[in-house]
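Here the structure is laid out as structure tokens; the discussion comes afterwards.
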Amino acid sequence: MTETKEIILPGELIGERNGRKVGKGTFFEGEKVFAKVIGIPYITENEIFVVPLSGVYLPNIGDRIVGVIEETQISGWLVNINSPYAAFLPLAEAVDEFVDTTRTDISRFFDKDDVIFCKISKVTKGKTIQVTMRDYGSKKLYGGIIIKIIPSKIPRIIGKGGSMIQLIKDKTKCDIYTGQNGVVWIRGDNKAKAIEAILTIERESHIVGLTEKIEKMLSEGNGQKI
């Protein structure tokens, strides 16, 4: 029999706080913590939270995401971040050198359809979003393909301490960047195998023993090249 983790409904009791931080997808009354959304509850030593089963990406400051350049403007770029809201990448947050915008076509730095790994730096109440490349690990991603999954499933794909995504990288020899916005960039000969694993995790994230299943899947052959 397949054992699954409990799926909880809004308003259901998850447990007692007992000094823990009350995380995303929850609310509390006194010491009792309840679910705010449909999802899978997690209780750790330090936190109680719920991973939603679905939902769109809503940007938060500090999120590391995979974005796609949508349009070049005079002083920066509009970026598609897989959200109801577009983001803006200012020139000053993208390029180290001084650029005279009256004489320089800034599309030579980033152009339409370029893929970038960047960080959310500002989110206003009116949902004006700004991203920055001035963060460790931020870079333009060359080649490869992108797939989109439910943003709330990204932590499951990364795994505890990055264990799941490292397993996929090691077994497929692919370069993979996972954005908290649900966009995953993949480059390598075994992209098909990596995609199969990621989509399986997205679909079966509530199944106990998923790591063993993914390891077995990735160990069966080298995968089809695409």
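Each reported figure results from applying straightforward, stated rules to the coordinates on display, with no laboratory input. As the structure is a computational prediction, the values presented were derived from the model and not from experiment. Please note: Cβ atoms are built from the backbone with ideal geometry, for glycine as well, and neighbour counts cover all protein chains shown.
Sub-9 Å Cβ pairs linking a first residue in segment 67-86 that is closer than 19 Å to Gln180 by Cβ and in contact (Cβ under 8 Å) with a residue 24 or more places away in the chain to a second residue that is among the basic types (Lys, Arg) and in a strand (DSSP E or B), at least 6 apart or interchain, are Asn82/Lys148, ordered by first then second residue.
Would you confirm, using the coordinates I've provided, whether Val68 is within 24 Å of Gly144 (Cβ to Cβ), surrounded by fewer than 20 Cβ atoms within 10 Å (Cβ to Cβ) and under 17 Å from the mean Cα position of the chain (by Cα)? In short, yes. When segment 133-158 is filtered for residues that are crowded, with 16+ Cβ neighbours inside 10 Å and of a type in the set (Ser, Thr, Tyr), the ones remaining, listed by number, are Ser138, Ser152. In segment 140-187, which residues are out of contact with any Lys or Arg (no Cβ under 8 Å at 6 or more places or on another chain) and either polar (S, T, N, Q) or at positive phi (or both)? Passing the criteria: Ser152, Gly159, Gly161, Gly162, Ser163, Gln166, Lys173, Thr178, Asn181.
Taking the listed residues Asn18, Asn60, the one that is over 30 Å from Lys140 (Cβ atoms) and part of a loop (DSSP other than H, G, I, E, B) is Asn18, with no other qualifying. Within segment 74-122, work out how many residues are over 25 Å from Val56 (Cβ atoms) and either loosely packed, with under 15 Cβ neighbours inside 10 Å or within 18 Å of the chain's Cα centre (by Cα) (or both). Counting residues in segment 74-122 that are over 25 Å from Val56 (Cβ atoms) and either loosely packed, with under 15 Cβ neighbours inside 10 Å or within 18 Å of the chain's Cα centre (by Cα) (or both) gives 15. Of all the criteria given as (1) touching a residue at least 12 places away in the same chain (Cβ under 8 Å); (2) of a type outside the set (A, V, I, L, M, F, W, C); (3) over 30 Å from Gly25 (Cβ atoms), the one not satisfied by Tyr177 is (3).
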